[in-house]
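Novice: The structure under discussion is supplied below as structure tokens; questions concerning it will follow.
The values are calculated or read from the model by the stated rules, or taken from the named source; none is laboratory data. What you see is a predicted model, and the numbers here were worked out from it, not measured in a lab. Positions of Cβ are generated from backbone atoms using ideal geometry, with glycine treated the same way; all protein chains shown enter the neighbour counts.
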């Protein structure tokens with residue numbers, strides 16, 4: 001699975017996600033002069049540092065028909081600060097200007113190719129991404145005032161091309177849900193768990209927490225999109241999609257030499273994990289925004 005990443009000029013995926021009270025909020029670019037999508041987190045120090053600047057943008061541009069939507073996509077398994085309960089506390093404390101959404105299945109983060117918190121997308125009325133990157137050049141400098149985001153919005157609202165449409169997102173990495181799904185009718189579970197552990201260690205990703213989940217019924221297989229055991233998922237997406245229907249069965253992986261095997265090739269698994277778990281600084285051409293803040 002090679003995760004797509006939005007670039008400037010791409011159509012923005014439309015989503016419908018619940019806010020902290022369960023009310024569904026839909027991204028509807030055609031209903032606003034511009035929309036801003038922000039991937040953020042409660043516990044990330046970078047997101048915390050930029051937080052007030054982003055809220056002020058939401059307040060300052062509301063009268064100009066700009067909708068700012070913020071969401072948390074992090075898996076809360078090992079990050080309780082990003083739980084729904086923690087999100088509700090922030091809303092109750094009046095810390096959010098606008099909708100605060102829970103991307104529990106990480107669908108939106110996958111669709112946008114987000115890697116960081118915070119990470120900002122500016123979308124015009126036609127639904128096209130016009131700016132992507134960081135709010136400004138330095139999370140530690142409040143005088144920056146999210147000016148990269150503000151400049152992009154000013155250009156979009158004035159009907160101009162955005163002068164600086166892309167910067168490198170910076171901050172904490174998105175915490176993806178990594179799952180190993182298995183069925184006890186196949187003998188490969190222990191070997192699959194060891195392969196996944198060893199591969200993550202080889203990538204230097206000991207920070208990733210793996211959730212092992214036994215699939216016990218056909219109904220559960222259908223609900224999870226489980227095509228057989230073992231299945232490796234990141235952000236609830238199969239790393240090796242092959243179009244097989246959900247079933248309680250043993251899975252066969254195609255090796256580079258064309259042979260089938262009960263486990264994927266180690267190098268292939270590593271490459272797919274590396275792409276799916278990419279952090280902002282892992283991306284080609286990434287530049288620390290502080291080096292560009294004088295732009």
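Novice: Does residue 169 satisfy being assigned by TED's automatic domain parsing to the domain that holds residue 32 and modelled with pLDDT under 95?
Specialist: Working: assigned by TED's automatic domain parsing to the domain that holds residue 32: yes; modelled with pLDDT under 95: yes.
Yes.
Novice: Within segment 219-235, is there a residue that is at pLDDT 95 or above, in contact with a strand residue (DSSP E or B) (Cβ under 8 Å, 6 or more places away or on another chain) and surrounded by fewer than 16 Cβ atoms within 10 Å (Cβ to Cβ)?
Specialist: no
Novice: Testing residue 250 on (1) over 30 Å from residue 82 (Cα atoms); (2) touching a residue at least 60 places away in the same chain (Cβ under 8 Å); (3) exposed (fewer than 14 other Cβ atoms within 10 Å of the Cβ), one condition comes back false. Which one is that?
Specialist: Of the numbered conditions (1) over 30 Å from residue 82 (Cα atoms); (2) touching a residue at least 60 places away in the same chain (Cβ under 8 Å); (3) exposed (fewer than 14 other Cβ atoms within 10 Å of the Cβ), the odd one out for residue 250 is (3).
Novice: So, residue 290, is that one assigned to a helix (DSSP H, G or I) and closer than 30 Å to residue 137 by Cβ or not? If you could, list the steps in order and put the result at the bottom.
Specialist: On the way: assigned to a helix (DSSP H, G or I): yes; closer than 30 Å to residue 137 by Cβ: yes.
Taking the combined requirement at face value, the residue satisfies it.
Novice: Got at least one residue in segment 274-289 being more than 22 Å from residue 172 (Cβ to Cβ), surrounded by fewer than 18 Cβ atoms within 10 Å (Cβ to Cβ) and free of Cβ contacts under 8 Å to residues at least 24 places away in the same chain? Before the answer, list the steps.
Specialist: First pass over segment 274-289, keeping only residues more than 22 Å from residue 172 (Cβ to Cβ): none.
Scanning segment 274-289, I find no residue that is more than 22 Å from residue 172 (Cβ to Cβ), surrounded by fewer than 18 Cβ atoms within 10 Å (Cβ to Cβ) and free of Cβ contacts under 8 Å to residues at least 24 places away in the same chain, so the answer is no.
Novice: Then there is this: With the requirement that a residue be closer than 21 Å to residue 75 by Cβ and without any contact (Cβ under 8 Å) to a residue 24 or more places away in the chain, what does segment 194-247 give you?
Specialist: Passing the criteria: 197, 201, 204, 206, 207, 220, 223, 225.
Novice: Could you pull out every one of the strands (runs of 3 or more DSSP E) wholly within segment 6-79 that has 2 or more residues that are within 17 Å of the chain's Cα centre (by Cα) and under 26 Å from residue 163 (Cβ atoms)? Steps first, please.
Specialist: Values: elements: 16-18, 24-26, 34-40, 66-72.
The qualifying strands (runs of 3 or more DSSP E) are 34-40, 66-72.
Rundown of residues vs (1) under 16 Å from residue 237 (Cα atoms); (2) modelled with pLDDT under 95, yes/no style:
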residue: 181; (1), (2): yes, no
residue: 195; (1), (2): no, no
residue: 198; (1), (2): no, no
residue: 207; (1), (2): no, yes
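Novice: Still on this model: Find all pairs meeting these conditions: Cβ atoms under 9 angstrom apart; at least six residues apart or on different chains; first residue within segment 37-48 and outside the structural domain of residue 141 (by TED's automatic domain parsing); second residue part of a helix (DSSP H, G or I) and surrounded by fewer than 24 Cβ atoms within 10 Å (Cβ to Cβ).
Specialist: none
Novice: Checking residue 210 against (1) under 19 Å from residue 195 (Cα atoms); (2) touching a strand residue (DSSP E or B) at 6+ places or on another chain (Cβ under 6 Å); (3) crowded, with 16+ Cβ neighbours inside 10 Å, which test does it fail?
Specialist: Condition (3) is where residue 210 drops out.
Novice: Could you list, in sequence order, all residues of segment 76-92 that are closer than 13 Å to residue 19 by Cα and either in contact (Cβ under 8 Å) with a residue 40 or more places away in the chain or in contact with a helix residue (DSSP H, G or I) (Cβ under 6 Å, 6 or more places away or on another chain) (or both)?
Specialist: Restricting attention to segment 76-92, the residues satisfying the condition of being closer than 13 Å to residue 19 by Cα are 83-92.
Correct list: 84, 86, 87, 88, 90, 91.
Novice: Further, regarding this structure: Suppose we filter 41, 58 for residues that are surrounded by 14 or more Cβ atoms within 10 Å (Cβ to Cβ), at pLDDT 95 or above and more than 25 Å from residue 209 (Cα to Cα); which single one remains? Walk me through it before giving the result.
Specialist: Details: 41 fails: more than 25 Å from residue 209 (Cα to Cα).
Of the residues listed, the single one that is surrounded by 14 or more Cβ atoms within 10 Å (Cβ to Cβ), at pLDDT 95 or above and more than 25 Å from residue 209 (Cα to Cα) is 58.
Novice: Would you mind stating whether residue 162 is within 25 Å of the chain's Cα centre (by Cα), farther than 19 Å from residue 268 by Cβ and in a strand (DSSP E or B)?
Specialist: The answer is no for residue 162.
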